Amino acid sequence: MTAYKDLSKEELLELKNGLEARFAEVKAKGLKLDMSRGKPAADQLNLSMGMMDVLNSSAVLTCEDGVDCRNYGGLDGIGEAKRLLADMMEVPKDNVIIFGNSSLNVMYDTVARAMTHGVMGSTPWCKLDKVKFLCPVPGYDRHFAITEHFGIEMINVPMTPSGPDMDMVEKLVSEDPAIKGIWCVPKYSNPQGITYSDETVYRFANLKPAAEDFRIFWDNAYCVHHLYENKQDYLIEILMECKKAGNPDMVYKFSSTSKISFPGSGIAAIAASESNLKDIRDMLKFQTIGHDKVNQLRHVRFFKDVHGIVEHMKKHADIMRPKFEAVIEVLEKELGGLGIGSWIKPLGGYFISFDSMDGCAKAIVAKAKEAGLVMTGAGATFPYGKDPHDSNIRIAPSYPTPEELSVAADIFVLSVKLVSIDKLLGNL
C-alpha cells in the first residue's frame, strides 16, 4: 500500500470521495456499538454462574479457622481467601489484606488515608504545600481521576516498550520530596498491553526517593489475564524485589477478581510489607469491622485454589482472543503501510492502544460516534484528559459480540482514514 503522505492532492480527494460514500452507508444503518470500556461480555460473566450455586441455605458457612462468615469480624479477610489472592498475586499470605469488591476503591482509600493521616507517621499530605504523582502515559484514566480528585499534581512520564521511562522516574523521585507516588499497571498495561521488563522492575525496587513516604501504587489488575497459553508475558514480583533492595515499605500492590468472576461483586486485595499493613489496619478498623466474608467464601469454594483461577482464565481467553485478533486483523489489513496509525498487539489484558497522526484522535473518536460507535474519549489515557499529541485512542474489544466487533472495527478504520486525509489535505 502507498502511504497517504505520498499521494497527490487529487489522489487524496478521489480516495476521500469513495470513503465518504462507504461511511454514509454505514451511518444509514443507525448502529449502536460500544467499545468505550473494558467490560467483560455476557459470555464471560456466564463462566462464573456456578458461583451462585456453591452456597445455599443448607451450606456450612464456617471457614477453615472456625469463623462464622455470617457474623462480624475478620478485618483482614478469611484465611482461605487471603491464601487464594496471595497465590494469585505471588506474595506470602501474611502480606495480604482482603477488602470488598473493588481494587479501585482500595486505591482511592489508600490515597485518602495518606491525605488525612499520612503514611506510617509522616505528615498528612493535606498539610503539605504541594503533593505530586508520576503518571506513566498513556495510562488508566481512573487512576488519574483519583489523584485529580484530591488535588494532587500529576506529572506525565512517557511509556516505552519496557515500561515507564525509568531515567526520568529515578531523576524526579530522587530530587523532589513532593513526589509521593507513581501509578503503575505493570502487566498488560492499560491501554498499551505492555509488561514491565525485569530491568524496569529492578530499577523500581531500587529507587532512592527524596520522600520517605513515597509509594509505588502497583495495580496488577491483569496478572492472570493472558490471551494465549503458549505466549505469555512474565512479570517479576515487586514486593520481594523491594525487600531485597532494602526498600520493603516502598510498594502497595493491588489486585482483584473483578474481571475474573463478577465485576462489582468480586473480591479485592492489597499486598504490602508488614509495617504498611499495620498502618493500614490501624486506620481500617475505624472504617469497618470486616468486609463481606460470605462473598470471600463463595469465591474460595468456587475456584478452590489458584489453579482453579488459572483454568477459569483459559476459558476467558478463549472468548477474548478471537476478538483481539479480529480487531488487529482489520487494523493490519486496512491501515498497514498507510502511515496514518500504529498499534501494539498485546498478549493479554483488555485493550489495544492505537496512535493516530498527531492532532487526529479527538476527530477520529467523534467521526466514529457519527456512525454509531462509542469509544473511550480521546485524551482519557492522559492526566487531566490532555493528550499533548492528540493521538492516543484506547480500543476495548471485550464487550461487543464478534459480529458487532467486525462492524465496529470497520467503522473505526474508515474514521481513521477520513480524518487522516483531511489532516493531510489541510497541510498541503
Item to complete: Round to the nearest 0.05 the FRET efficiency obtained for R301 and D94 when R0 = 25 Å and r is the Cβ-Cβ distance.
Response: 0.65
Worksheet, complete the sentence: Highest GNM mean-square fluctuation among G38, G377, G264, for the chain with Cα springs under 10 Å, belongs to G264
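For the chain, what proportion of DSSP beta bridges, expressed in % and rounded to the nearest 5, is antiparallel? Each step should come with its number before you reach the end.
Values: 18 of 38 bridges.
About 45 percent, rounded to the nearest 5.
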Item to complete: Report, as a whole number in µm² per second, the diffusion coefficient that Stokes-Einstein gives for the range 98-166 at 20 °C and 1.002 mPa s using the Kirkwood radius over alpha carbon pairs.
Response: 161 µm²/s
Discussion item. Under a crude label model (7 Å from the Cα following the beta-carbon direction), how far is M1 from M49 in nanometres?
Written reply: 4.0 nm
Practice prompt. Measure nothing fancy, just the Cα-based angle from helix 361-370's long axis to the longest principal axis of the chain, in degrees from 0 to 90, nearest 10.
Written response: 80 degrees
Response to the item:
Between E64 and R281, the FRET efficiency computed from the C-beta separation at R0 = 35 Å comes out, to the nearest 0.05, as 0.95
Worksheet item: What length, rounded to one decimal in nm, is gained on full extension from N230 through to E325, with 0.36 nm per residue of separation minus their alpha-carbon distance?
Response: 32.6 nm
Worksheet item: Using a simple charge model, +1 on the beta-carbon of Lys and Arg, -1 on the beta-carbon of Asp and Glu, nothing else, what dipole does the chain show about its Cα centre, in debye to the nearest 20?
Response: 700 debye
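Using R₀ = 35 Å, calculate the FRET efficiency as 1/(1 + (r/R₀)^6) where r is the Cβ-Cβ separation of A42 and T160; round to 0.05. Can you show the working numbers first?
Details: r = 37 Å, r/R0 = 1.04.
Once the sixth-power term is evaluated, E becomes 0.45.
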Discussion item. Can you tell me the mean projection area, over all orientations, of the convex hull of the chain's alpha carbons? Units nm², please.
Written reply: 22.1 nm²
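Could you state the accessible area per residue of the range 306-428 in Å², with a 1.4 Å probe and every protein chain left in place? Could you put the intermediate results ahead of the total?
Values: 4640 Å² over 123 residues.
I get 38 Å² per residue for the range 306-428.
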Worksheet item: If each of M240 and E175 carries a label point 7 Å out from its Cα toward its Cβ, how far apart are those two points in nm?
Response: 3.5 nm
Response to the item:
A 1.4 Å probe over the protein heavy atoms gives the range 139-294 a carbon and sulfur accessible-area percentage of 50 percent
Worksheet item: Where does the range 321-428 land on Rg/Rh, using Cα atoms and the Kirkwood Rh?
Response: 0.94
Fill in: Computed magnitude of the charge dipole of the range 177-225 (debye, nearest 20; Cβ of K, R +1, Cβ of D, E -1)
60 debye
Discussion item. How compact is the range 93-252 by the rule of thumb for globular proteins, expressed as Cα Rg over 2.2 N^0.38 Å?
Written reply: 1.00
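Can you flag which of K243/K314; K9/K345; K187/K315; K5/K417 are past 22 Å Cα-Cα? Display every interim value, and only then the final one.
Values: K243/K314 32 Å; K9/K345 32 Å; K187/K315 20 Å; K5/K417 12 Å.
The pairs that break the limit, which is 22 Å between Cα atoms, are K243/K314; K9/K345.
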Worksheet entry | Ranked by how many other beta carbons lie within 10 Å on average, peptides 350-356, 50-56, 69-75 from highest | 350-356, 69-75, 50-56
Discussion item. At 1.567 mPa s and 4 °C, plugging the Kirkwood radius over alpha-carbon pairs of the range 198-351 into Stokes-Einstein gives what diffusion coefficient in µm²/s?
Written reply: 70 µm²/s
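How much length would be gained if the chain were fully extended between T401 and S122, taking 0.36 nm per residue of separation minus their Cα-Cα distance, in nm to one decimal? Don't skip to the answer; put the middle values down first.
Values: separation 279, 0.36 × 279 = 100.44 nm, distance 4.98 nm.
Stretched fully, the T401-S122 segment lengthens by 95.5 nm.
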Fill in: Estimated vicinal HN-Hα couplings, Hz - the range 376-381 in sequence order (Karplus 6.51, -1.76, 1.60; Gly, Pro = x)
4, x, 4, x, 4, 7
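About the Cα centre of the range 83-191, what is the dipole size in debye to 20, counting +1 per Lys and Arg Cβ and -1 per Asp and Glu Cβ, all else neutral?
Charge dipole of the range 83-191: 300 debye, to the nearest 20.
The values are calculated or read from the model by the stated rules, or taken from the named source; none is laboratory data. Note that the structure is a prediction, hence the values are computed from the model and not measured. Because the Cβ atoms are built from the backbone with ideal geometry, glycine has one as well, and the counts that use them run over all protein chains shown. These accessible areas exclude ligands, DNA and RNA; they are computed on the full protein's heavy atoms, side chains included. Shrake-Rupley method; radii C 1.70, N 1.55, O 1.52, S 1.80 Å.
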